[in-house]
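Visitor: Take this structure, written in structure tokens, and hold onto it; I'll ask about it next.
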Amino acid sequence: MNGFGSAPGKIILSGEHSVVYKKPAIAAAIDLRCEVTSKKISNGIEIDALDLGLKKNYSFDDIKQLKQNPDQIHGIDSLAILADLIVPGESLSLKIHSQIPISAGLGSSAATAVSVAASISDLFSLDLSLEQISNFAYQSEVFIHGKPSGIDNSIATWGGLIVYENSHITRKTLNHTMPLIIANTQVERSTAKLVQGVSNLRNKYTFINPLIDIFGELTNNVITSIDKGDMNKLGELFNINQGLLDAINVGHRKLSEFIWIARDAGAIGAKLTGAGGGGCMIALARNDKHAEEIANKLEDQGARVYITSLSSKGVQVGK
Ligand code: PMV
């Protein structure tokens, strides 16, 4: 018998980085998903990340060693630790298939961790609750990101549109269309390093804290504009947000280039999404046809564009 779990990637509409300092953030699930199939085997933990061409076997001694030396944990290692955390001492294999690009700010690592927890819950009939799945995924994220806010594992678990503030989740409904384009610069970056960079700035300059407060206020305005369906205001706030994200040094030349291509093509607003420093940007179009026009212009300039819709579906446990 196999176990199965899947979970969505995400975009952050507002509040990346400041969410680490307990300010509100708003995130939406997208229809790119990760799928994990699990199976009981005889010895240790085997992980096969099919899209990355990565396959690794871990003995329980290897896992113990990694836990004692967290600085040696890389990439999929955290998933072996996660499996052993959920079902200690159980041998199993995990086959991962993901549509979510890695290191791009679309929440691929959290979606994978959530899918692993869901798949194991299915395989061992654990009947884990959404909170338990999300919490297990969070623990795995700590190994990779150091100080994650918890927004990524939350949106991958609950799906839809959520406001996340200080570990508290509020689900929102979207009652109008929001034509968004996601463009990937394909510049890989490390969330942990970018989060550390902001922390260093905060230690160096006293004015970074008030700036983080402003991100919080801006996000509250974003939430109101989404509630009211005021897309013009939402676009304007995207642009202000981008300026502030550049100010805390999480921008990238390629992101700015794509953001300006979108704006020149008439986007109401555009900003980076996720940790920045490369990865993805989002642009708000007037309608679906306009979104396609913007997407074409971005593709002409070498962007990898995802025409995805926001997804109400969160984690899936079992087929
Ligand atoms: O997973 P990413 O790279 O999209 O970044 C997540 C958002 C951050 O606020 C930068 C980090 C966090 O833990 O919330």
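The values are calculated or read from the model by the stated rules, or taken from the named source; none is laboratory data. Keep in mind the model is a prediction, meaning the values are calculated, not measured. As a convention, Cβ positions derive from the backbone with ideal geometry for all residues, glycine included, and neighbour counts pool all protein chains shown. Protein only, heavy atoms only, side chains kept; ligands, DNA and RNA dropped before computing areas. Shrake-Rupley method; radii C 1.70, N 1.55, O 1.52, S 1.80 Å.
Visitor: Test residue 203 against the criterion of being at positive phi and either of a type outside the set (Gly, Ala, Ser) or in contact with a strand residue (DSSP E or B) (Cβ under 6 Å, 6 or more places away or on another chain) (or both), and give yes or no.
Guide: Answer is no for this residue.
Visitor: Just checking, does segment 84-99 include any residue being among the acidic types (Asp, Glu), modelled with pLDDT of 95 or more, surrounded by 15 or more Cβ atoms within 10 Å (Cβ to Cβ) and under 30 Å from residue 170 (Cβ atoms)?
Guide: Taking every residue of segment 84-99 in turn, none turns out to be among the acidic types (Asp, Glu), modelled with pLDDT of 95 or more, surrounded by 15 or more Cβ atoms within 10 Å (Cβ to Cβ) and under 30 Å from residue 170 (Cβ atoms).
Visitor: When only residues in segment 45-61 that are of a type in the set (A, V, I, L, M, F, W, C) and part of a strand (DSSP E or B) count, which is surrounded by the most Cβ atoms within 10 Å (Cβ to Cβ)? Break it down stepwise before answering.
Guide: Within segment 45-61, the subset of a type in the set (A, V, I, L, M, F, W, C) is 45, 47, 49-50, 52, 54, 60.
Subsequent filtering for residues that are part of a strand (DSSP E or B) retains 45, 47, 49, 54.
On the way: 45: 24, 47: 22, 49: 20, 54: 12.
In this case the residue turns out to be 45.
Conditions tested, residue by residue: (1) under 18 Å from the mean Cα position of the chain (by Cα); (2) under 30 Å from residue 241 (Cα atoms).
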residue: 3; (1), (2): no, no
residue: 7; (1), (2): yes, yes
residue: 36; (1), (2): yes, no
residue: 42; (1), (2): no, no
residue: 56; (1), (2): no, no
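Visitor: Just give me the residues in segment 119-144 being in contact (Cβ under 8 Å) with a residue 60 or more places away in the chain and over 15 Å from residue 7 (Cβ atoms), in sequence order.
Guide: Result: 123, 124, 143, 144.
Visitor: A further question follows. Please verify whether residue 201 is surrounded by 15 or more Cβ atoms within 10 Å (Cβ to Cβ) and either over 30 Å from residue 288 (Cα atoms) or aliphatic (A, V, I, L, M) (or both), treating the condition exactly as stated. Break it down into steps so the answer makes sense when it comes.
Guide: Values: surrounded by 15 or more Cβ atoms within 10 Å (Cβ to Cβ): yes; either over 30 Å from residue 288 (Cα atoms) or aliphatic (A, V, I, L, M) (or both): yes.
In short, yes.
Visitor: Just checking, which of 291, 295, 267, 283 is under 23 Å from residue 104 (Cβ atoms) and assigned to a loop (DSSP other than H, G, I, E, B)?
Guide: 267
Visitor: Same structure, new question: Filter segment 149-160 for residues that are over 13 Å from residue 113 (Cβ atoms) and open to solvent by 10 Å² or more (accessible area, probe 1.4 Å); which is nearest to the ligand (Cβ to nearest atom)? Don't jump to the end; show me each part of the working.
Guide: Taking segment 149-160 and keeping what is over 13 Å from residue 113 (Cβ atoms), we get 149, 151, 158-160.
Now restrict to residues that are open to solvent by 10 Å² or more (accessible area, probe 1.4 Å): 149, 158, 160.
Working: 149: 3, 158: 15, 160: 17 Å.
Checking each candidate, the answer is 149.
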